Amino acid sequence: MRGRVVLLDERNDRRIAALIADGRLDDLLIDPPANDATPRPGAIYAIKVERTIPNLGAAFANLNGVSGYLKDAKGLKPGDAALAQVTAHAEPGKAPPLTRRLTLKSRYALLTPDAPGINVARSVRDSDEKARLRAIAEDALEEAVLPPDARIGVVLRSAAAEVEPDAVMDDILELAVAFSGLDASRQGLVRPAADAWSEAWREWNDPEPDQVLRSDDDPGLFDHYGVWDQVERLKSPRADLKGGAWMSVEPTRAMVTVDVNTGEDFGKGAALKANLAAAAELPRQLRLRGLGGIVTVDFAPASKRERPQIEAALRRALAADPVQTDIAGWTPLGQLQLQRKRERRPLTELLEGL
């Protein structure tokens, strides 16, 4: 089964979106329960500063009853109100990280308050197309109704390439309206994070899906594409790899540990084959499982001269992954460590109540 198919479902008033690539589950988005007040990345709050940490230029702030950690609090004092955006899910026992550098995102553009200028995604290489997109953004900013002191920037996303001007302009104008409606005096959530269906429409467009199907037209859609069977396998630490190898992906409080095994292949080169397969598969496994933070990978025994091949395979896989992940390097004991942004909640948490 070739191609990209987006599946949309709704269970217990919670939206779910699944991306199927060539017959295999490639991404999964699940809304938390409606009564779950956990701050989500991308959400914008009107906060009130509780206490400052002057030597760090940071502060703790009230997010409608939840304490958040504001990294860029210079100039603020206790009691001040401000707009702040959640940048990642909090580590267990810690406050969610916040920033005052807001970014409003849609399918074709990003709006960047207090960061003026018009930029085009680096993946758009054609100079004429870049100039066309910049002109559309300039026209949109001239037409937009914005606060008089607003300093607004626009980033045209790769999905905007070759798209009709009206569609791109409308996208920017909608973001401008959303920005104009933000009010720091309201206290609490002023712009929620996108729900699963909205995020799927916004993000799963490179390349465009071949089909978008909804379960209200076909109630057995997720079963037909094997989504729930694949989700069931994700509940186990074990992830099977090509050639009979496998890896164990296990989150702990401190980090995510990954152990690569060759399986029953004891032939020459078995370890390298298993390691390359694990490197290619790891971003998908972390994405589907909703795991982030420090990731430590204990590959099958590999010589130092094989490490560049393993890293290259991992970098290729990460290039297609939407979650920011940095390769920190090899430890003295031979494990590879990554730092992955906590953009998602663990799948095991989101499956509760479905």
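The values are calculated or read from the model by the stated rules, or taken from the named source; none is laboratory data. Note that the structure is predicted; figures quoted are calculated from it, not measured. In this analysis, Cβ positions are derived from the backbone assuming ideal geometry, glycine residues included, and neighbour counts consider all displayed protein chains. Remember, those area values only see protein heavy atoms, side chains included, never the ligands or the DNA or RNA. Shrake-Rupley method; radii C 1.70, N 1.55, O 1.52, S 1.80 Å.
Some values worked out for this structure:
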{"read-out": "Yes/no for residue 326 being at pLDDT 95 or above and over 21 Å from the mean Cα position of the chain (by Cα)", "value": "no"}
{"read-out": "Unmet criterion (only one of (1) more than 30 Å from residue 128 (Cβ to Cβ); (2) in contact (Cβ under 8 Å) with a residue 60 or more places away in the chain; (3) open to solvent by 40 Å² or more (accessible area, probe 1.4 Å)) for residue 190", "value": "(3)"}
{"read-out": "Top-ranked residue of segment 22-32 - restricted to ones that are outside any strand (DSSP E or B) and touching a Leu at 6+ places or on another chain (Cβ under 9 Å), ranked as surrounded by the most Cβ atoms within 10 Å (Cβ to Cβ)", "value": "31"}
{"read-out": "Residues (in a loop (DSSP other than H, G, I, E, B) and either of a type in the set (Ser, Thr, Tyr) or under 30 Å from residue 92 (Cβ atoms) (or both)) located in segment 256-277", "value": "262"}
{"read-out": "Pairs where the first residue, in segment 151-163, is over 11 Å from residue 123 (Cβ atoms) and the second is among the aliphatic types (A, V, I, L, M) and open to solvent by 10 Å² or more (accessible area, probe 1.4 Å), C-beta under 6 Å, 6+ apart", "value": "153/115; 154/118; 155/110"}
{"read-out": "Selected residue (only one of 171, 139 is charged (D, E, K, R), at pLDDT 95 or above and open to solvent by 50 Å² or more (accessible area, probe 1.4 Å))", "value": "139"}
{"read-out": "Subset of segment 314-325 that is without any contact (Cβ under 8 Å) to a residue 40 or more places away in the chain and more than 18 Å from residue 249 (Cα to Cα) - its residue that is most open to solvent (accessible area, probe 1.4 Å)", "value": "316"}
{"read-out": "Members of segment 14-45 found to be modelled with pLDDT of 95 or more and farther than 30 Å from residue 207 by Cα, listed by number", "value": "45"}
{"read-out": "Check on residue 302, surrounded by 13 or more Cβ atoms within 10 Å (Cβ to Cβ), more than 23 Å from residue 233 (Cα to Cα) and of a type in the set (Gly, Ala, Ser)", "value": "yes"}
{"read-out": "Given (1) in contact (Cβ under 8 Å) with a residue 40 or more places away in the chain; (2) among the basic types (Lys, Arg); (3) out of contact with any Gly (no Cβ under 8 Å at 6 or more places or on another chain), index of the condition residue 132 fails", "value": "(1)"}
{"read-out": "Residue that is farthest from residue 346 (Cα to Cα), among those in segment 196-254 that are among the basic types (Lys, Arg) and in contact with a strand residue (DSSP E or B) (Cβ under 6 Å, 6 or more places away or on another chain)", "value": "214"}
{"read-out": "Filter result for the condition that a residue is assigned to a loop (DSSP other than H, G, I, E, B) and under 24 Å from the mean Cα position of the chain (by Cα), over 233, 253", "value": "253"}
{"read-out": "Count of residues meeting criterion [basic (Lys, Arg) and within 24 Å of the chain's Cα centre (by Cα)] in segment 41-80", "value": "1"}
{"read-out": "Residue list for segment 174-223, restricted to those being among the polar types (S, T, N, Q), modelled with pLDDT under 95 and either in a helix (DSSP H, G or I) or under 15 Å from the mean Cα position of the chain (by Cα) (or both)", "value": "180, 205"}
{"read-out": "Per-region count, segment 233-250, residues modelled with pLDDT under 95 and open to solvent by 80 Å² or more (accessible area, probe 1.4 Å)", "value": "1"}
{"read-out": "Qualifying residue in segment 68-85 (condition: exposed (fewer than 14 other Cβ atoms within 10 Å of the Cβ) and small (Gly, Ala, Ser))", "value": "yes"}
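Conditions (1) within 27 Å of residue 98 (Cβ to Cβ); (2) at pLDDT 95 or above; (3) of a type in the set (Gly, Ala, Ser); (4) out of contact with any Pro (no Cβ under 6 Å at 6 or more places or on another chain), marked per residue:
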residue	(1), (2), (3), (4)
252	yes, no, no, yes
257	no, yes, no, yes
301	no, no, no, yes
336	no, yes, no, yes
